[in-house]
Amino acid sequence: MGRRGLQSVVRSNKDVVVSSSGMKIQWSPQEGSSLSGGIFASVGQAGMGFGMPSNPQNPIEKGTKFLYSTSHMIYVSMPESGFRFPGTPELVTGESLEVGEEGLVKKKQKKGGLKLKIKVSNPSMRKLISGAIAGAVSRTVVAPLETIRTHLMVGSLGHSTTEVFQSIMESDGWTGLFRGNLINVIRVAPSKAIELLAFETVKKQLTPQPGIQPKIPIPASLIAGAIAGVSSTLATYPLELLKTRLTVQRGVYKNLLDAFLKIVQEEGPAELYRGLTPSIIGVIPYAATNYFAYDTLRKAYKKAFKEEEIGSVMTLLIGSAAGAISSTATFPLEVARKHMQAAGAINGRQYKSMLHALVSILENEGLPGLYRGLGPSCVKLVPAAGISFMCYEACKRILID
């Protein structure tokens, strides 16, 4: 090689030349050449030359300028101060020049950050795992608010957040705020997994291809959300009832298994599904509005800011807003469901149906009774929904095919 240029020999099918005044980089494929002999380069204007084998042991050394190649790429690494060939884009640390069919291209490499990727080949399993993690994390974070909310709904420890909180702290301490959380996680993890899998699957089936008329005039996310809510409720409702009993009837049951056996023996297996009808009726509008609001807000954000990906913080905010909308709209049905689940446990109340529960609450407590606990409920449900969606989207990015 001459001292006026920089040349390397490699097996390829194209010549790429980048030149300017006084300096030239030439990529010269030659028939029958190979990489086994290594690459030699000289930089005449810099007043130095160096050689490099084809498989360097430590290709990156601080303060060294070098060039090495594969059959399709030239990689140029520079010191932190950077280096520039006249006529080519300026290179900074962590960038490379990629030689392909379209010529010389600057390729940026991201620096820093922990990138965790776990391979899960089955797409349904990826969604189930992501949903389970999202449900467990979100419910654990807001477990104290869930406990206070449940007591407020049934009126077992007071009629205000402060009264309930003080009563729990006096009797059980901080652990009382997390009473029933393990059962809650055991219930919510599979419930959220089934719910999100059902939502994604149904939505995908109902969403038409671009340019094709939708199969039904109702938004796909609205129907998918309703079906997702019903599916998860049917699968995990007995755990919801057991969790409510353990939270409200303190000292009556030792653990989850003890509660299950006593209820089945003393009240019959059908008791495990007491309040299922109002739960189904309540979950349909809640899940439908929740997922519809979430999907709509995501689309609006992407359209407004012209972004394909939504960050974790914005996903948290969008999910929280969706949770606030759906929770406020369907809260009276949630109150009736909690009253039916705790029937007979508090003040000997018995309800024949959801309508009977709603009417009884109106007669005894008035309209405010249907919204008792809405404040702490929103404080609990709003961040829970946001955290759940944020964890779900993050887990989907971690679990790859």
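Is it true that Lys243 is surrounded by 18 or more Cβ atoms within 10 Å (Cβ to Cβ), over 22 Å from the mean Cα position of the chain (by Cα) and modelled with pLDDT under 85? Taking the combined requirement at face value, the residue satisfies it.
Check whether at least one residue in region 248-271 is surrounded by fewer than 19 Cβ atoms within 10 Å (Cβ to Cβ), hydroxyl-bearing (Ser, Thr, Tyr) and in a loop (DSSP other than H, G, I, E, B), and report yes or no. The answer is yes; a qualifying residue exists.
Got a sec? Which helices (runs of 4 or more DSSP H) wholly within region 289-401 have at least 2 residues that are within 25 Å of Val230 (Cα to Cα)?
On the way: elements: 312-341, 354-365, 367-370, 374-398.
Where helices (runs of 4 or more DSSP H) fall fully within region 289-401 and carry at least 2 residues being within 25 Å of Val230 (Cα to Cα), they are 312-341, 354-365, 374-398.
Name the single residue that is most open to solvent (accessible area, probe 1.4 Å) among those in region 140-153 being under 9 Å from Leu177 (Cβ atoms) and hydrophobic (A, V, I, L, M, F, W, C). Step by step, filter region 140-153, then rank; the result is Leu145. Does any residue of region 288-307 turn out to be among the aliphatic types (A, V, I, L, M), crowded, with 17+ Cβ neighbours inside 10 Å and more than 17 Å from the chain's Cα centre (by Cα)? Yes, region 288-307 contains a residue that is among the aliphatic types (A, V, I, L, M), crowded, with 17+ Cβ neighbours inside 10 Å and more than 17 Å from the chain's Cα centre (by Cα). Tell me, which residue of region 365-379 that is free of Cβ contacts under 8 Å to residues at least 60 places away in the same chain and among the aliphatic types (A, V, I, L, M) is farthest from Thr147 (Cα to Cα)? So, considering only residues that are free of Cβ contacts under 8 Å to residues at least 60 places away in the same chain and among the aliphatic types (A, V, I, L, M), the one farthest from Thr147 (Cα to Cα) is Leu367.
The values are calculated or read from the model by the stated rules, or taken from the named source; none is laboratory data. What you see is a predicted model, and the numbers here were worked out from it, not measured in a lab. Backbone-built Cβ (ideal geometry, glycine too); neighbour counts: all protein chains shown. What goes into the accessible areas is simple: the full protein's heavy atoms, side chains included, and nothing from ligands, DNA or RNA. Shrake-Rupley method; radii C 1.70, N 1.55, O 1.52, S 1.80 Å.
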